[in-house]
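**Q** Quick one: this structure, given as structure tokens, is what I'll be asking you about.
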Amino acid sequence: MPAPAGAAPAPAPAPVAPRRRRRLPVVLAVVLLLVLAGVGVVVTRPGPVAGWLGDDAGSAPSAAALTPEPDPSDVLAGPDPNAPVPTPDGVRAALDPLVGAADLGDRVNVSVADVISGQTLFAKGADDGTVPASVTKLATAVTVLAAREPGYRIPTRAVAGAQAGEVVIVGGGDPTLAIDKKGYYPGAARLDDLAAQVRTALGGATPTSVTVDGSVYSGPVYGPGWDDDIPTGGSGGAVTALMTDGARRDPGVEHGSAARFAEPDLAAGKSFARLLGVPASAVKRGTAPVPAAAGGTIPAPGTELGVVQSPPLIRLVDIMISESDNLVAEALARQVALARNQPASFDGGAAAMDAEVAGLGLPADEITLSDGSGLSRRNRISPSLLTDLVRLAASPDHPELAGVFGGLPVGGWSGTLNDRYRNAPGTGAGAGTVRAKTGTLTGVHSIAGLVTTADGRLLTFAVLTDKVPGGKETAQPALDRIAAALAGCGCR
């Protein structure tokens, strides 16, 4: 993306504290005005926006039914690359009274940096590994976009089995796969399309059995360090290479927690069998045969009978961040593992993500992961690594990482920030100016992303707390006051 005419990089004053990081390249302050090709992100006005998450435009009301509206106004204030940089003293004066709030507990680690220059403006425990909860998904997003590229699509294949009449469905790890057009995720690949391809490939032959091959994944289906109630609580579930609608039993449920299949791969296999006219009793787990030369059996074992593809990776990243979708996150972590020739497991995904961070030139000793969703209490990420990840994603040297920003919730408007920065005292300045990923576990509350100051300067911030004494009713407003203080001042 070209720099605005006449815009020059701001000088980088001396940082608040010595840092081990190399300076990231100068970035453009117009990062929040990105329109991401293939995603349909339009950051314009509050309220429902057709195409906000790539929804089918055909679902919008007809033009004749709409009342003409005035021209939309910006939701996010346009950052000014020539705006004055806050001073470390000014930021400290604004934040010191807030980071010590009793509602946040006695372990509050914070990093604030200028996006253009990379100058550190505030650091408190900034390099300390902290339980990040769902803020982990920022690391998952950056690493999978770096490892796989934004346009990559995850295949789900059907091949001929070793036995006559056997069809093997091979899961590639697409968690958004739908059964039919009523799927949970807009634009998802569909089993009914795959079944139609299989019927065509088989000519008049009738399938007699379905084998489910999820062998691309290995290891446990539940993550290390997950709370005991996560597998059945509706926000997590078994991680398998084949599933439909994020393992939801009912794809028509609203966003958020939902009942999940205990064995998503077999549930998907039975749905596929039904579409092929195969009884559920003839569905089993197994592996696809190695493709063989044509012989007496037609089609030969291993012959591809059909394939459907997930939405592009950039769209899956959008879904993961905007909905804080844990099963999509675990699927994306495994894509990092596969891209780096590691086992597609919790351990393999975590190790691959750590390695990808190091490959991007960032301090990998400040990230230790056990999963890609942030459900694990074993995860540790430093606030300063999170702000580095955000700055790297905004860098013109890494345009493939810009997809991180499309799904970030907007304060007082969308996603997990929809109901925040609205009514809690001291948070109003963050509405429409904070764009961030949040994280919540019992005793853990975090937020990291971007904020535009009152002077129009774009900052990145991360606040991680993992010893919170109370609940989200008090902790979240205390967190939000920190970002709102940055939004409401020039801090000079």
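**Q** Being open to solvent by 20 Å² or more (accessible area, probe 1.4 Å), within 27 Å of G151 (Cα to Cα) and modelled with pLDDT of 95 or more is the requirement here; does L338 meet it?
**A** Numbers: open to solvent by 20 Å² or more (accessible area, probe 1.4 Å): yes; within 27 Å of G151 (Cα to Cα): yes; modelled with pLDDT of 95 or more: yes.
When the stated conditions are applied, L338 passes them.
**Q** Do we find a residue being of a type in the set (K, R), out of contact with any strand residue (DSSP E or B) (no Cβ under 8 Å at 6 or more places or on another chain) and either on the phi < 0 side of the Ramachandran plot or open to solvent by 30 Å² or more (accessible area, probe 1.4 Å) (or both) anywhere in the stretch 108-131? Working first, answer last.
**A** We begin by selecting, within the stretch 108-131, every residue of a type in the set (K, R); these are 124.
Remaining after also requiring out of contact with any strand residue (DSSP E or B) (no Cβ under 8 Å at 6 or more places or on another chain): none.
No, the conditions are met nowhere in the stretch 108-131.
**Q** Please work out which one of (1) closer than 19 Å to L313 by Cβ; (2) modelled with pLDDT under 95; (3) not polar (S, T, N, Q) is the condition A205 fails and give its number.
**A** (1)
**Q** Can you tell me which of (1) part of a loop (DSSP other than H, G, I, E, B); (2) open to solvent by less than 10 Å² (accessible area, probe 1.4 Å) is the one A454 doesn't meet?
**A** (2)
**Q** Name every residue in the stretch 241-287 that is of a type in the set (K, R), touching a Lys or Arg at 6+ places or on another chain (Cβ under 7 Å) and outside any loop (DSSP other than H, G, I, E, B), in order of residue number.
**A** R248, R260 - these are the residues of the stretch 241-287 that are of a type in the set (K, R), touching a Lys or Arg at 6+ places or on another chain (Cβ under 7 Å) and outside any loop (DSSP other than H, G, I, E, B).
**Q** Select from the stretch 392-438 the residues that are of a type in the set (K, R) and assigned to a strand (DSSP E or B) and list them in ascending order.
**A** R435, K437 - these are the residues of the stretch 392-438 that are of a type in the set (K, R) and assigned to a strand (DSSP E or B).
**Q** Now for a separate question. Could you count how many residues in the stretch 336-376 are touching a strand residue (DSSP E or B) at 6+ places or on another chain (Cβ under 8 Å) and farther than 22 Å from G129 by Cα?
**A** Residues flagged as touching a strand residue (DSSP E or B) at 6+ places or on another chain (Cβ under 8 Å) and farther than 22 Å from G129 by Cα within the stretch 336-376 amount to 4.
**Q** Got a sec? Which of G407, G439, G403 is modelled with pLDDT under 95, surrounded by 24 or more Cβ atoms within 10 Å (Cβ to Cβ), touching a Ser or Thr at 6+ places or on another chain (Cβ under 7 Å) and within 22 Å of V451 (Cα to Cα)?
**A** Only one candidate passes the filter, namely G407.
**Q** For the stretch 471-492, what are the residues that are open to solvent by 30 Å² or more (accessible area, probe 1.4 Å), closer than 15 Å to L417 by Cα and among the charged types (D, E, K, R)?
**A** Passing the criteria: K472, E473, R481.
**Q** When you scan the stretch 250-261, how many residues do you find that are open to solvent by 50 Å² or more (accessible area, probe 1.4 Å) and touching a helix residue (DSSP H, G or I) at 6+ places or on another chain (Cβ under 8 Å)?
**A** Summing the residues that are open to solvent by 50 Å² or more (accessible area, probe 1.4 Å) and touching a helix residue (DSSP H, G or I) at 6+ places or on another chain (Cβ under 8 Å) in the stretch 250-261 gives 3.
**Q** So, in the stretch 324-351, of the ones that are of a type in the set (D, E) and part of a helix (DSSP H, G or I), which residue ends up farthest from R378 (Cα to Cα)?
**A** Ranking the candidates gives E330 first.
**Q** Quick check, is A462 of a type outside the set (D, E), open to solvent by less than 10 Å² (accessible area, probe 1.4 Å) and under 22 Å from the mean Cα position of the chain (by Cα)?
**A** In short, yes.
**Q** Now a separate question. Quick check on D354: is it in a helix (DSSP H, G or I), free of Cβ contacts under 8 Å to residues at least 24 places away in the same chain, among the acidic types (D, E) and in contact with a helix residue (DSSP H, G or I) (Cβ under 6 Å, 6 or more places away or on another chain)?
**A** Working: in a helix (DSSP H, G or I): yes; free of Cβ contacts under 8 Å to residues at least 24 places away in the same chain: yes; among the acidic types (D, E): yes; in contact with a helix residue (DSSP H, G or I) (Cβ under 6 Å, 6 or more places away or on another chain): yes.
The answer is yes for D354.
**Q** For residues that are open to solvent by 10 Å² or more (accessible area, probe 1.4 Å) and in contact (Cβ under 8 Å) with a residue 60 or more places away in the chain, tally how many sit in the stretch 132-167.
**A** Result for the stretch 132-167: 13.
**Q** A329 - would you say it is at pLDDT below 95 and either in contact with a Pro (Cβ under 8 Å, 6 or more places away or on another chain) or closer than 18 Å to L408 by Cα (or both)?
**A** no
**Q** A further question on this structure: Take G203 and decide whether it is free of Cβ contacts under 8 Å to residues at least 12 places away in the same chain, under 16 Å from G306 (Cα atoms) and out of contact with any Phe, Trp or Tyr (no Cβ under 7 Å at 6 or more places or on another chain).
**A** In short, yes.
**Q** State all residues of the stretch 357-390 that are touching a Leu at 6+ places or on another chain (Cβ under 9 Å), outside any helix (DSSP H, G or I) and closer than 28 Å to Y222 by Cβ; if no residue qualifies, say none.
**A** I367, G372, S373, G374, L375, S376, R377, R378, N379, R380, I381, S382
**Q** Look at A448 and say whether it is open to solvent by less than 30 Å² (accessible area, probe 1.4 Å) and either over 17 Å from T130 (Cβ atoms) or in contact with a strand residue (DSSP E or B) (Cβ under 8 Å, 6 or more places away or on another chain) (or both). Even if it seems obvious, please write down each step before you answer.
**A** On the way: open to solvent by less than 30 Å² (accessible area, probe 1.4 Å): yes; either over 17 Å from T130 (Cβ atoms) or in contact with a strand residue (DSSP E or B) (Cβ under 8 Å, 6 or more places away or on another chain) (or both): yes.
Spelling it out, A448 is indeed open to solvent by less than 30 Å² (accessible area, probe 1.4 Å) and either over 17 Å from T130 (Cβ atoms) or in contact with a strand residue (DSSP E or B) (Cβ under 8 Å, 6 or more places away or on another chain) (or both).
**Q** Determine which member of the set S414, S370, S395 is in contact (Cβ under 8 Å) with a residue 60 or more places away in the chain, open to solvent by 10 Å² or more (accessible area, probe 1.4 Å), hydroxyl-bearing (S, T, Y) and farther than 19 Å from T465 by Cα. Let's see the steps before the verdict.
**A** Details: S370 fails: farther than 19 Å from T465 by Cα; S395 fails: open to solvent by 10 Å² or more (accessible area, probe 1.4 Å).
One residue alone meets the criteria, S414.
**Q** When the residues of the stretch 293-303 are filtered to those that are at pLDDT 75 or above and either among the hydrophobic types (A, V, I, L, M, F, W, C) or in contact with a helix residue (DSSP H, G or I) (Cβ under 9 Å, 6 or more places away or on another chain) (or both), which remaining residue is most open to solvent (accessible area, probe 1.4 Å)?
**A** I298
**Q** Take the stretch 201-215 and flag every residue that is out of contact with any Gly (no Cβ under 8 Å at 6 or more places or on another chain) and either in a helix (DSSP H, G or I) or open to solvent by less than 40 Å² (accessible area, probe 1.4 Å) (or both).
**A** First, the residues of the stretch 201-215 that are out of contact with any Gly (no Cβ under 8 Å at 6 or more places or on another chain): 202-204, 215.
L202 - this is the single residue of the stretch 201-215 that is out of contact with any Gly (no Cβ under 8 Å at 6 or more places or on another chain) and either in a helix (DSSP H, G or I) or open to solvent by less than 40 Å² (accessible area, probe 1.4 Å) (or both).
**Q** I'd like to check something: does the stretch 191-200 contain any residue that is touching a Pro at 6+ places or on another chain (Cβ under 9 Å), closer than 14 Å to G252 by Cα and not small (G, A, S)?
**A** So far as the stretch 191-200 goes, no, none of its residues is touching a Pro at 6+ places or on another chain (Cβ under 9 Å), closer than 14 Å to G252 by Cα and not small (G, A, S).
The values are calculated or read from the model by the stated rules, or taken from the named source; none is laboratory data. Please read all numbers here as calculations on a predicted model, not as lab measurements. When we count neighbours, we look across all protein chains shown, and the Cβ atoms used for this are built from the backbone with ideal geometry, even at glycine. Accessible surface is based on the protein model in full, side chains and every heavy atom, while ligands, DNA and RNA are left aside. Shrake-Rupley method; radii C 1.70, N 1.55, O 1.52, S 1.80 Å.
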